[in-house]
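Structure first, then comments.
The values are calculated or read from the model by the stated rules, or taken from the named source; none is laboratory data. Note that the coordinates shown come from a computational prediction; the quantities given were computed from them, not determined experimentally. So basically every Cβ, Gly included, is an ideal-geometry build from the backbone, and we count neighbours across all protein chains shown. What goes into the accessible areas is simple: the full protein's heavy atoms, side chains included, and nothing from ligands, DNA or RNA. Shrake-Rupley method; radii C 1.70, N 1.55, O 1.52, S 1.80 Å.
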Amino acid sequence: MPAPEDEEEIIRQRAAEANYPLDEEGLFSNLVQTFATRSRQAKLPGFNEVWVERDFGRNWINVGSSEPVDRSAYLAMAAPKLRPQIRFRHTAFDRAGTDAAIARLVEAYGDDLGICMMLYEHQSDWFVVAMEDSADEAAIRAVTPADLLPIIRFERGTCPVLV
């Protein structure tokens, strides 16, 4: 990957060489992706994820971490254009902890309880468990690991319908 200071120019140059139309949103997306990749590869303590949140017409780039962050290390990994938009958010888990919690939920629920989707929602720092309309919510809650119950949002009606 190019140095963060050179990224914008290199992305524009590669797009031009490929005759690929690159608007500001596309440039922003490419810059965020390389910043997120660097952040994941750095494996700094507590790192969870990088995500974009739109708020009042501004694109915020969030770095989630379960531990205090090394702000200067993260900012150095970002293209200069992104740095004013980066903010740091505390998350309940680091990335490994999030993955482990999802694995525990998958194991607890098995295949027969009517769960159609489980995910960690970075923006809210909640796990979301979506269940079919006919699922027995009490049975699902009963097998949910007790330490995860306070940070799970159970939802109905969000399962995809197969036609």
Yes/no for P84 being over 25 Å from R153 (Cβ atoms) and in a loop (DSSP other than H, G, I, E, B):
no
Right, L75: open to solvent by 30 Å² or more (accessible area, probe 1.4 Å) and outside any helix (DSSP H, G or I) or not?
no
Those residues that are touching a residue at least 12 places away in the same chain (Cβ under 8 Å) and either open to solvent by 80 Å² or more (accessible area, probe 1.4 Å) or under 30 Å from A3 (Cα atoms) (or both), I need them from the stretch 81-93; list them, please.
K81, L82, Q85, I86, R87, F88, R89, H90, T91, F93
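Name the residues in the stretch 1-48 that are under 21 Å from the mean Cα position of the chain (by Cα), open to solvent by 80 Å² or more (accessible area, probe 1.4 Å) and modelled with pLDDT of 95 or more, would you?
The first filter runs over the stretch 1-48 and keeps only residues under 21 Å from the mean Cα position of the chain (by Cα), leaving 25-48.
Next, only the ones that are open to solvent by 80 Å² or more (accessible area, probe 1.4 Å) stay: 25, 33, 40-41, 43, 45.
Across the stretch 1-48, the qualifying residues are Q33, R40, Q41, P45.
What strands (runs of 3 or more DSSP E) completely inside the stretch 94-163 contain at least 2 residues that are open to solvent by 50 Å² or more (accessible area, probe 1.4 Å)? Lay out the reasoning, then the answer.
Details: elements: 115-121, 126-131, 152-156.
Correct list: 115-121, 152-156.
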Under the condition of being in contact (Cβ under 8 Å) with a residue 24 or more places away in the chain and of a type in the set (F, W, Y), which residue from the stretch 55-80 is nearest to N30 (Cα to Cα)?
W60
